[in-house]
Amino acid sequence: MKSILITGANIVNEGRISPGDVLVINGRISKIGSDLSSEQADTHIEAKGKYLLPGLIDDQVHFREPGLTHKAEIYTEAKAGVAGGTTSYMEMPNTIPQATTVELLEDKYDRAAEVSLANYSFFMGATNDNLDEILKIDFKNVCGLKIFQGSSTGNMVVDNIESLEGIFKECKALIAIHSENDFIIKANLDKFLEIYGEDIPVKFHPKIRSEEACYDASSRAVAMAKKYGTRLHILHISTAKELELFDNTIPLQEKKITSEACIHHLWFAEEDYEEKGTLIKWNPAVKTSKDRDAIFQAVLDDRIDVIATDHAPHTLEEKSNPYTKAPSGGPLNQHSLVAMLDFYHQGKISLEMIVQKMSHNPAILFEIEKRGFIKEGYFADLVLVDLDSPWTVSKENILSKCGWSPFEGHTFKSKVTHTIVSGHLAYEEGTFHEEKNGERLRFLRNY
């Protein structure tokens, strides 16, 4: 593997920004210092004026392979992520077939080894009757278990209370959960169907997938986790009310219950449905500006631990259907970092905090082996950004296979210029180098 020397960068790491050079040899960060000689490396990147961050670790993506590859593929979506500064991802099990057995799960790992430019891990999926399969998993090699407590793409709902209790009691691994109460959602939907039929205005999506539906499911999951001592991670928090369930008085390493915010819940609010329509239809729904602002504050004060994307492409044709037939989800991983950097330019969040929530904390929370930090001996997962390089999102520069973005037409203030994945320069000023794929993530766990 070629060695790389990055010189003159502003290194953002562990709450500090400091000038320095970084030498990468054999996939690892070999040396961090000043005035390192470019003769030590095969490739020299002059980074004066730019900022060097640990690569993003996205703990929630849907790459649609196998079975839904008309929307997305591991190959295309990993590339889109790499262009956006994401060096590692954790992908969800609601594909066709669903990854609910050891064999089907390992098939996805095999495919990623063949085509993924980014590092990868895949969640095992839970059902009402696959506890025996779950208990076979070696969670040193698998990021966690995913439970859909509310229906979403793929309809993998664990709705049997005995099954849910059994999983929480027996599974020692991290459980990531989609928390919405399906019974409440169905009752809300029926009311709107009576009024509007199938063509419900999309602005009512947050009334159908309501605050009550989210809080009821999340509070039940937290109560069950506390009962059994389960390691619980609640995904895509969308309401201010849910924030009372989380603690910011203890270090992340000691938390048994953690939470995630997603880019769309930090950026959009219900008034955006008028312009964006079903393009911002997600589950759980984008809700009020009050919810959005409260979630952002919870990111800053550590009630919410990580920022991710829930990158979930659908075709534009699918999204153009009437409300009840338009699927929820959209592409986000190419633009997650630059979106957060726009917030930095607005004075809402520091660079150090962006790195903490998108790189450091996912590594800590999932106990990932030697990633998420710029440290000697760690894997060289790095992203270089130019903070003052505006560019506008258009169909011509969207890399997700679906070919659209809710950010289309928006001008971001910052640009990712280079992404290094496990020591390989995978992306450089708009050009991909695909001679080497990413690596399977490993986890430092005792279970």
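Has region 163-182 got any residue that is over 18 Å from residue 230 (Cβ atoms) and assigned to a helix (DSSP H, G or I)? Yes - at least one qualifying residue is present in region 163-182. For region 330-358, taking the residues that are out of contact with any helix residue (DSSP H, G or I) (no Cβ under 9 Å at 6 or more places or on another chain) and assigned to a loop (DSSP other than H, G, I, E, B), the one that is nearest to residue 412 (Cα to Cα) is identified as 346. Based on this model, can you work out whether residue 7 counts as of a type in the set (Val, Ile, Thr) and either more than 30 Å from residue 329 (Cβ to Cβ) or in a helix (DSSP H, G or I) (or both)? Taking the combined requirement at face value, the residue satisfies it.
Residues to consider are 78, 72, 99; find the one that is in a loop (DSSP other than H, G, I, E, B), out of contact with any His (no Cβ under 8 Å at 6 or more places or on another chain) and surrounded by 24 or more Cβ atoms within 10 Å (Cβ to Cβ).
99
Among the residues examined, residue 401 does not qualify as in a helix (DSSP H, G or I) and in contact with a helix residue (DSSP H, G or I) (Cβ under 7 Å, 6 or more places away or on another chain). Can you pull out every residue in region 298-342 that is more than 13 Å from residue 278 (Cα to Cα), of a type in the set (Asp, Glu) and surrounded by fewer than 24 Cβ atoms within 10 Å (Cβ to Cβ)? Selection gives 301, 302, 342. Listed by first and then second residue, the pairs linking a residue in region 27-38 that is assigned to a strand (DSSP E or B) to a residue that is open to solvent by 80 Å² or more (accessible area, probe 1.4 Å), with Cβ atoms under 7 Å apart and 6 or more places separating them unless they lie on different chains, are 29/376; 30/376; 31/376; 32/376. When the criteria are applied in full, residue 89 fails the requirement of being touching a residue at least 40 places away in the same chain (Cβ under 8 Å), open to solvent by less than 10 Å² (accessible area, probe 1.4 Å) and part of a helix (DSSP H, G or I). Based on what the data block shows, is residue 287 farther than 30 Å from residue 427 by Cα and either open to solvent by 30 Å² or more (accessible area, probe 1.4 Å) or aliphatic (A, V, I, L, M) (or both)? Judged against the criteria, residue 287 is not a match.
For (1) touching a residue at least 24 places away in the same chain (Cβ under 8 Å); (2) under 22 Å from residue 184 (Cβ atoms); (3) of a type in the set (Lys, Arg); (4) in contact with a His (Cβ under 7 Å, 6 or more places away or on another chain), each residue gets a yes or a no:
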position	(1), (2), (3), (4)
255	yes, no, yes, no
260	yes, yes, no, yes
272	no, no, no, no
275	no, no, no, no
278	yes, yes, no, no
283	yes, yes, no, no
286	yes, yes, no, yes
291	yes, yes, no, no
297	no, no, no, no
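The values are calculated or read from the model by the stated rules, or taken from the named source; none is laboratory data. Bear in mind that the values here come from a model prediction, so they are computed numbers and not experimental data. Neighbour counts run over all protein chains shown; Cβ positions are idealised from the backbone, glycine included. Heads up: the accessible areas ignore ligands, DNA and RNA and are worked out on the full protein's heavy atoms, side chains in. Shrake-Rupley method; radii C 1.70, N 1.55, O 1.52, S 1.80 Å.
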